[in-house]
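Undergrad: First the structure, then my questions, so here it is.
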Amino acid sequence: MALNGQVAVVTGAAMGIGRAITEILLQNGAKVALIDVDEIAGRSLLEILEKQFGSDRVLFLSCDVESEEKLKVAFQKIAETFGGVDIFCNNAGILNEIQWQKTISINLVSAISGNYLALEHMSRQNGGRGGIGPLPSCPVYTASKHGLLGFTRAMAAASRASGYGVRVNALCPSFVQTELFSSGPSRLGQFAHLADEAAQFAEKIGILTVGEVAEAFLELATDETKNGEALLLLPKRKQYVTFPSFL
Ligand SMILES: NC(=O)C1=CN([C@@H]2O[C@H](COP(=O)(O)OP(=O)(O)OC[C@H]3O[C@@H](n4cnc5c(N)ncnc54)[C@H](O)[C@@H]3O)[C@@H](O)[C@H]2O)C=CC1
Ligand SMILES: CCCCC/C=C\C=C\C(=O)C/C=C\C/C=C\CCCC(=O)O
């Protein structure tokens, strides 16, 4: 199996895309630490996964990624339990144009602190084993994801230049059938009048399943040639985005 013996950490793992990524990582031999603020959903998924994959391969940590302190403790516990971290999937996110500060806080600020914490555990310079750290994809929500994309590219370049041995990539799916997608229209705040247009657009381009997103994640996680890439995933198109370059 492609990921035998590797240790993965997935944030927002209790449902939706995070859950599908957790499952594909386990199916491919990895040990997975699930982080989620929803303790009930997290524990109930843990029970299912323990039965399917064995209790020595899964760990659930109830943690709000907005708290850097709690996230730090969670990483510590994961390192103690599994002996290190190889793959970090920075997936936890919300769509809420009403509480827009929270959207930036979780989607961008917490994703950055999660990435830094993961790097502390993964960098070869700190005795880590190297690895990868992907994930991203309403104005504020879009801004949070664009910020994350810039951060991803710069971190990949910094990792390469510093010899961390850590790859950092972004997975950018279009609409995916999850709770975030279904509840999206009620969270558009001052842009609620654009909900129908968004729904028509979603219908036109199609809606991904979480399984399709997980497959693309596995591709990024296992292709060691990829660093600083953004993989765009649509129902009928999958392509690496080309950014303008000064060089
Ligand atoms: N559903 C979609 O159409 C798309 C989603 N995405 C992104 O994929 C990621 C996952 O989205 P979905 O699975 O659709 O969402 P979801 O709402 O179905 O699941 C999100 C999970 O993250 C957890 N979570 C939320 N805030 C948290 C926090 N502060 N700390 C810890 N866990 C937290 C939730 O409890 C939940 O288990 C998000 O970053 C989202 O922006 C990207 C492209 C499209
Ligand atoms: C009915 C929609 C309501 C609100 C939106 C809900 C969820 C959105 C989640 C996202 O992360 C945005 C997803 C997709 C963007 C759409 C298309 C990208 C097209 C890219 C391209 O054509 O190059």
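Undergrad: So in the range 145-163, with the set limited to residues that are surrounded by 13 or more Cβ atoms within 10 Å (Cβ to Cβ) and either near ligand 2 (Cβ under 10 Å from one of its atoms) or over 24 Å from residue 216 (Cα atoms) (or both), which one is farthest from the chain's Cα centre (by Cα)?
TA: 162
Undergrad: So, in the range 176-226, how many residues would count as being hydrophobic (A, V, I, L, M, F, W, C) and part of a loop (DSSP other than H, G, I, E, B)?
TA: First pass over the range 176-226, keeping only residues hydrophobic (A, V, I, L, M, F, W, C): 176, 180-181, 188, 191-192, 194-195, 198-199, 201-202, 205, 207-208, 210, 213-214, 216-218, 220-221.
Among the residues that remain, those that are also part of a loop (DSSP other than H, G, I, E, B) are: 188, 207.
Residues flagged as hydrophobic (A, V, I, L, M, F, W, C) and part of a loop (DSSP other than H, G, I, E, B) within the range 176-226 amount to 2.
Undergrad: I've got another one for you. Within 14 Å of ligand 1 (Cβ to nearest atom), of a type in the set (Phe, Trp, Tyr) and either surrounded by 14 or more Cβ atoms within 10 Å (Cβ to Cβ) or within 19 Å of the chain's Cα centre (by Cα) (or both): does that describe residue 201?
TA: Numbers: within 14 Å of ligand 1 (Cβ to nearest atom): yes; of a type in the set (Phe, Trp, Tyr): yes; either surrounded by 14 or more Cβ atoms within 10 Å (Cβ to Cβ) or within 19 Å of the chain's Cα centre (by Cα) (or both): no.
When the stated conditions are applied, residue 201 does not pass them.
Undergrad: Same structure again: Hey, can you tell me all the residues within the range 23-54 that are surrounded by 15 or more Cβ atoms within 10 Å (Cβ to Cβ) and of a type in the set (S, T, N, Q)?
TA: Matches in the range 23-54: 27, 28.
Undergrad: Scan 188, 117 and give me the residue that is more than 19 Å from the chain's Cα centre (by Cα), crowded, with 16+ Cβ neighbours inside 10 Å, under 22 Å from residue 66 (Cα atoms) and of a type in the set (A, V, I, L, M).
TA: Working: 117 fails: more than 19 Å from the chain's Cα centre (by Cα).
Sole residue among the options that is more than 19 Å from the chain's Cα centre (by Cα), crowded, with 16+ Cβ neighbours inside 10 Å, under 22 Å from residue 66 (Cα atoms) and of a type in the set (A, V, I, L, M): 188.
Undergrad: Here's another thing I want to ask about it. Count, please, the residues in the range 53-75 that happen to be within 12 Å of ligand 1 (Cβ to nearest atom) and assigned to a loop (DSSP other than H, G, I, E, B).
TA: Within the range 53-75, the subset within 12 Å of ligand 1 (Cβ to nearest atom) is 60-68, 70-71, 74.
Adding the requirement that they be assigned to a loop (DSSP other than H, G, I, E, B) leaves 63-67.
Within the range 53-75, residues that are within 12 Å of ligand 1 (Cβ to nearest atom) and assigned to a loop (DSSP other than H, G, I, E, B) number 5.
Undergrad: Hey, does the range 26-48 have a residue that's assigned to a helix (DSSP H, G or I), closer than 22 Å to residue 155 by Cβ and more than 9 Å from ligand 1 (Cβ to nearest atom)?
TA: Here is the first cut: in the range 26-48, the residues assigned to a helix (DSSP H, G or I) are 26-27, 39-48.
Cutting the leftovers down to closer than 22 Å to residue 155 by Cβ gives us none.
Within the range 26-48, none of the residues are assigned to a helix (DSSP H, G or I), closer than 22 Å to residue 155 by Cβ and more than 9 Å from ligand 1 (Cβ to nearest atom).
Undergrad: So which residues in the range 106-139 are at pLDDT below 85 and among the β-branched types (Val, Ile, Thr)?
TA: Of everything in the range 106-139, those that are at pLDDT below 85 and among the β-branched types (Val, Ile, Thr) turn out to be 112, 132.
Undergrad: I've got another one for you. State yes or no: is residue 74 in contact with a Cys (Cβ under 6 Å, 6 or more places away or on another chain) and more than 16 Å from ligand 2 (Cβ to nearest atom)? Steps first, answer last, please.
TA: Numbers: in contact with a Cys (Cβ under 6 Å, 6 or more places away or on another chain): yes; more than 16 Å from ligand 2 (Cβ to nearest atom): yes.
Against the criterion (in contact with a Cys (Cβ under 6 Å, 6 or more places away or on another chain) and more than 16 Å from ligand 2 (Cβ to nearest atom)), residue 74 qualifies.
Undergrad: I would also like to ask the following. Could you give me the residue pairs with C-beta distances under 9 Å whose first residue belongs to the range 115-142 and is hydroxyl-bearing (Ser, Thr, Tyr), whose second residue is modelled with pLDDT under 70 and surrounded by fewer than 19 Cβ atoms within 10 Å (Cβ to Cβ) wherever it lies, and which are 6+ apart or on separate chains?
TA: Within 9 Å, the pairs are 123/130.
Undergrad: Go through the range 157-195 and count every residue that is hydrophobic (A, V, I, L, M, F, W, C) and within 9 Å of ligand 1 (Cβ to nearest atom). If you could, list the steps in order and put the result at the bottom.
TA: Here is the first cut: in the range 157-195, the residues hydrophobic (A, V, I, L, M, F, W, C) are 157-158, 161, 166, 168, 170-172, 175-176, 180-181, 188, 191-192, 194-195.
Filter once more, so that each one left must be within 9 Å of ligand 1 (Cβ to nearest atom): 171-172, 175-176, 180-181.
Number satisfying all stated conditions: 6.
The values are calculated or read from the model by the stated rules, or taken from the named source; none is laboratory data. In this text the structure is predicted, and so the values were computed from the model without any measurement. Here Cβ is always computed from backbone atoms with ideal geometry, including for glycine, and neighbour counts include all displayed protein chains.
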